[in-house]
Structure formats: structure tokens, C-alpha cells
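Structure first, commentary second.
The values are calculated or read from the model by the stated rules, or taken from the named source; none is laboratory data. Given the structure is predicted, the values throughout are model-derived calculations rather than measurements. Neighbour counts run over all protein chains shown; Cβ positions are idealised from the backbone, glycine included. When the accessible area is computed, the model is the full protein with side chains, heavy atoms only, and any ligands, DNA or RNA have been set aside. Shrake-Rupley method; radii C 1.70, N 1.55, O 1.52, S 1.80 Å.
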Amino acid sequence: MFRQNAYPYFFASVLSIILIFSSTIFPFSNLPTYGQAPATRISTEQYDKMKNCTTDPSKKPTSIEYLTYFNCGHVSKDESGKTVRQFTLIVQENQKIPISYEGHIFDGWTFNGTIPGPTIRVTEGDLVRIRVINSNDNSHPHSLHTHSILYAKNDGVSMGGYPGVTISPGRSFTYEFIAQPYGLYPYHCHEDPIADHINRGLYGMMIIDPKEPRPQMTEMAMLLNGYDLDFDLEGPTTLPPAAQFDISQQDDAGTNMTEGADSNETIRGTNMTNMTNISLPSATEEEASEGGAGEEERVNDIYTVNGKAFEYMMNPIVLQTGKPYRIYVINMLEFDVVNSIHVHGAMFDYYAAGTNETSDYNTDIVTLSQGDRGIMEFTYAYPGTYMFHAHQTLFTDLGWMGLFDVRGDPVNTPRNDAT
């Protein structure tokens, strides 16, 4: 009788010992897998540190520093506890930007003094406020268009008569939106002629990180671009002076709330861009001003990644064997239909637009149309010097080529591997 009653207690004791022992020996079995909500969500400060956010958002990074320069803005909380990220982009025209090692100086238009503009980094669900200041010394109106989901009046486009579509020199506007969905997005000026505003340098990258961090690895940003140095056939870029613009949409204190019943209604009395007052030249007038018919389309004279030709040939990017890397890449090249990026000696998982947790495919080359983007994740197994470049020979010869300087011992090398 005693032995029969003792059996349940005995087996219960053994089961408890097994559970305690397994949790001690295999502690990682209790950790959440990627895609699941962690038991305790990390703080904004911790997440920003993981993202390698800069501690100096006012810095003007060199093209070398630009690779890892992530501007996460000035962070605060609103009354509801939502994270608010505030950024300032100052538009400056006629900036002398060195774009090669052969002495080419470009008459650029910049966001915060660099081409490309700063890499803006936020987290999905953040309230984002970007104040764009059009410097008083400028001669043209500008705007800001960010790809992603937002209200029309924060889109920076001259359709609908919303505020912020035309920021005249000496004025500013604050664009406000909830960051969504997570992924990789370009931002750029959307004033006509748009191709010229982008080609001159008014563009950049915005990363919306998922609420749960991606797997940790070293990250870099690469924007692909080009330069038309002689500005041939650039079209009408001289717009009416600031005094002719309706400034009711400028300096928008209290007029640009992201949420509210009337958030998508057209604001009466605002000015689209006064484009009706601009006299565009006819085809005949353009031919006469260019010296006759038969002019070719605009072409780029220099191609780069992150703004300076052959920058990463002259300063190779140092990597380590066996270490994972992530590159955020956007094609902002105007006047060419497509661009591409090809890496030697490795394959990468490619996440188109960065809006999915699962890669689309594994490859060593990806072709990008204008404004197209994605995330590349890769690891090098063997040390050595490897090229990365456009797979259009013309682009490569004119500046779009770099080197990875991979150091360390070979990893996962078969015994019969050729050297």
C-alpha cells in the first residue's frame, strides 16, 4: 500500500529534477526566435545603440564615414508615450562638392551639406517630424518627398494644393508622419524639374526599422548616383523669385497635425507651385537656345556610390572572414534606366525593399530601376581583395567601383579547396 501511494510522488520528483536540469543546461531554448515578440521589449535607447545611431546628428560625414553614419534624430516622447523623432534638413544650393580624385568639383544642391543627404533612421510606429529649411541664399523652391505610407499633405508633391509642396527660399516646413511599414525608402526633393533636383544632390535614404530588431550584424548604407556635369538639356530651372510665391503654407505652426478628422482635406487658399505663371520654352526655343536641333538626351559624366567616384577603390572597405554584413542599397541614378550592384567572391541574400523578414533570393548581382532598393546580407569565407561595382562597364569605368579588403582565416574551407 505504501509503495503504490509513493509512486506518484516519486515520478513527480523525478520530472521536476529533469525540468530544472534542462532549463539549466539548455538556457537558449527559452529565448524568443526571430519574428516573435521578446519577453521584455528593449528600450528606445538600447535599440538606437544597436542601430549604431550617431551621437552627433549635426556632423557632416565624409563619404568614408557616410557608410555607417546613421542619423536617428532628436528623440523624445509625446503625451501618449509615443516615441517622437525630430530631424532638420537644410537645403543649400551652389555647394562646391568634390566628386572625384581627378579634381572634379560639382555645383551641388545639398541636404545638410552632403551628397547624398544624411541617412535617416527611425523605428516602425515612431512619430517622425522632419523640418526642411530652404536657405535664404537659394534661388529655387524645394520640397521633401519620402517614400512610405503617409497623409497626402505630408507628401511634398504639388498635387492637391497642400502645404509643404513649395518651400520658397528663406522659409521652412515640417513634414510629419507615422513611420510605416518597416523597410528601406528613398527621400528626395519633388520640385520640377525633379530629375535635375535629384541629379544635383537632393536625395537620401530613410530606414524604418522593424519593432523587433533584425539579427545583429555590421551595417552599411550605399546610395548609387551619377552626375551630369555640363547640365545640358536640363530644362527650365529658374523659377519665380520667392516674393512671387504664396507663403501661407510656410512655417506651418499648428497646421500640420498627423492625426485628425480633417487631415486629408485640401487646405483652401494654398498655392500649388504657381506653375501656371511659368512660361515653359517650346521645343523650337529649346533647340535655338542649345544651338540647333539634334541634341542628345542628358547623360551622366561620373557614376558613384555615396557621392564620390572610386572612393572605395582608394579607401577599400575592411571586412572580416566569417562575419555577417548588411548593406542597405538604393539606386538614385537619373538619366539612365537601370543600375546594378555586383559583388565578387561571395553571394548575398537579397530582401527587396527590406519589407520582409525572408530574403527573396540568393545572388551575387541585383539590377535596380530608378528609386529601387533592397537589403543585402552576406559573409565572406575567404580572405583577399574583392571588387564590388555596377555590371555596366561604362558605369564602372566612370567611377562606380569599389573594393572589399577581406581579412582573417578561411572559414568552412573544404580540404580539397583550390587556392
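With the requirement that a residue be assigned to a loop (DSSP other than H, G, I, E, B) and under 23 Å from Asn136 (Cα atoms), what does the range 167-214 give you?
Ser168, Pro169, Gly170, Arg171, Cys189, His190, Glu191, Asp192, Pro193, Arg200, Gly201, Leu202, listed by residue number.
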Working carefully through the options Thr83, Thr110, Thr54, find the one that is modelled with pLDDT of 95 or more, touching a helix residue (DSSP H, G or I) at 6+ places or on another chain (Cβ under 8 Å), open to solvent by less than 70 Å² (accessible area, probe 1.4 Å) and not charged (D, E, K, R).
-> Thr83
Sort through Thr358, Thr363, Thr304, Thr321 and tell me the only one that's without any contact (Cβ under 8 Å) to a residue 12 or more places away in the chain, on the phi < 0 side of the Ramachandran plot and not hydrophobic (A, V, I, L, M, F, W, C).
-> Thr358
Looking across the range 361-386 at residues that are over 22 Å from the mean Cα position of the chain (by Cα) and not polar (S, T, N, Q), the single one that is surrounded by the fewest Cβ atoms within 10 Å (Cβ to Cβ) is Gly384
Considering every residue within the range 166-180, establish whether at least one is of a type in the set (S, T, N, Q) and open to solvent by 30 Å² or more (accessible area, probe 1.4 Å).
-> yes
Under 8 Å between Cβ atoms, at least 6 apart or on separate chains: pull out the pairs that start in the range 43-66 with a residue that is among the small types (Gly, Ala, Ser) and end on any residue that is part of a helix (DSSP H, G or I).
-> Ser63/Glu311
Looking at the range 86-101, which of the residues that are hydrophobic (A, V, I, L, M, F, W, C) and open to solvent by 10 Å² or more (accessible area, probe 1.4 Å) is nearest to Ile133 (Cα to Cα)?
-> Ile90
Looking at Asp137, is it more than 23 Å from Val84 (Cα to Cα), surrounded by fewer than 20 Cβ atoms within 10 Å (Cβ to Cβ) and not aliphatic (A, V, I, L, M)?
-> yes
